[in-house]
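Worksheet: one structure, shown below.
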Amino acid sequence: MRIIGLTGGIATGKSTVSNLFKANGFPVVDADVIARDVLKKGSGGWRKVVAAFGEDILLENGEVDRAKLGQIVFGDPSKRQLLNRLLAPYISYGIFWEVFKFWIKGYKIIILDVPLLYEAKMDRWTNPNIVVWIDPETQLERLMARDRTSAQDAQNRINAQMPLDLKRSKADIVIDNNGSLDDLDENFKKILDQVTKPLTWTEFWLSRQGAIVAFILILTGVLGYKKLLARV
């Protein structure tokens, strides 16, 4: 099984690339979706976060006010690190479970969409790793336009993440998204051959098909050994 890491920065177009993978039939494990699930009212993550940040972060219905929590953690690195530590075990388990379900279904290639791929050191388990990159000026402009926020607020959110150029230096594949949606679609098509090349032997043995073949080979060997012993 090949697990492909997909990451980028805020307002770089990573979600658009993720949707392109889905449109082309690739299963996608979205860490953002999992992160939202682990913060649902009454969940273990919800209880941990409320205990740490207080009930002031809750809406009237008891759900976490994500916008308010975001303002708190983006403005304070120590609180952002605390939030990440509290939720990391729940998010990691959720990602593992989603990958396992796709494995059971027999998918050979899975896209792991994780904003903090490098920060959480999850790139150790993914290969190749794809970074969706844009230049800093374009990133700031797109974030301001998307969230209708000030330049300072937008820059604070960008600064809270690992620099895009550093992510780009770590990437196996870089998708330049400075252009139009048509340009992005063309760039995406160019990388499909790279991500769909035949599985290596290691990847094959990690797939469901590989596990079945390995089981059959082991079972055949055991049965053959028993027959050999019976003749002795």
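The values are calculated or read from the model by the stated rules, or taken from the named source; none is laboratory data. Computed from a prediction, not measured in an experiment: that's the story for all the values here. Because the Cβ atoms are built from the backbone with ideal geometry, glycine has one as well, and the counts that use them run over all protein chains shown. Remember, those area values only see protein heavy atoms, side chains included, never the ligands or the DNA or RNA. Shrake-Rupley method; radii C 1.70, N 1.55, O 1.52, S 1.80 Å.
Numbers below:
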{"read-out": "Condition broken by residue 149, with the remaining ones in (1) out of contact with any strand residue (DSSP E or B) (no Cβ under 8 Å at 6 or more places or on another chain); (2) within 30 Å of residue 100 (Cβ to Cβ); (3) modelled with pLDDT under 90 satisfied", "value": "(2)"}
{"read-out": "Long-range neighbours under 7 Å by Cβ, at least six apart or interchain, first residue of a type in the set (Asp, Glu) within region 18-47, second at pLDDT 95 or above and surrounded by 13 or more Cβ atoms within 10 Å (Cβ to Cβ)", "value": "30/18; 30/113"}
{"read-out": "Filtered residues of region 22-32 (kept if within 16 Å of residue 88 (Cβ to Cβ) and surrounded by fewer than 18 Cβ atoms within 10 Å (Cβ to Cβ))", "value": "32"}
{"read-out": "Residue list for region 121-134, restricted to those being at pLDDT below 95 and not hydrophobic (A, V, I, L, M, F, W, C)", "value": "121, 123, 124, 126, 127, 128"}
{"read-out": "Failed condition for residue 91, given (1) in contact (Cβ under 8 Å) with a residue 40 or more places away in the chain; (2) closer than 23 Å to residue 152 by Cβ", "value": "(2)"}
{"read-out": "Every pair of residues 6+ apart whose Cβ atoms lie under 6 Å, when the first sits in region 48-76 and is part of a helix (DSSP H, G or I) while the second is of a type in the set (Lys, Arg)", "value": "57/68; 72/79; 73/79; 73/80; 74/157"}
{"read-out": "Residue list for region 102-115, restricted to those being touching a strand residue (DSSP E or B) at 6+ places or on another chain (Cβ under 8 Å) and at pLDDT 90 or above", "value": "102, 109, 110, 111, 112, 113, 114, 115"}
{"read-out": "Residues located in region 1-21, provided they are in contact with a strand residue (DSSP E or B) (Cβ under 6 Å, 6 or more places away or on another chain), part of a loop (DSSP other than H, G, I, E, B) and open to solvent by 10 Å² or more (accessible area, probe 1.4 Å)", "value": "13"}
{"read-out": "Filtered residue count, region 126-142, keeping only those that are of a type in the set (A, V, I, L, M, F, W, C) and either out of contact with any Asp or Glu (no Cβ under 9 Å at 6 or more places or on another chain) or free of Cβ contacts under 8 Å to residues at least 24 places away in the same chain (or both)", "value": "1"}
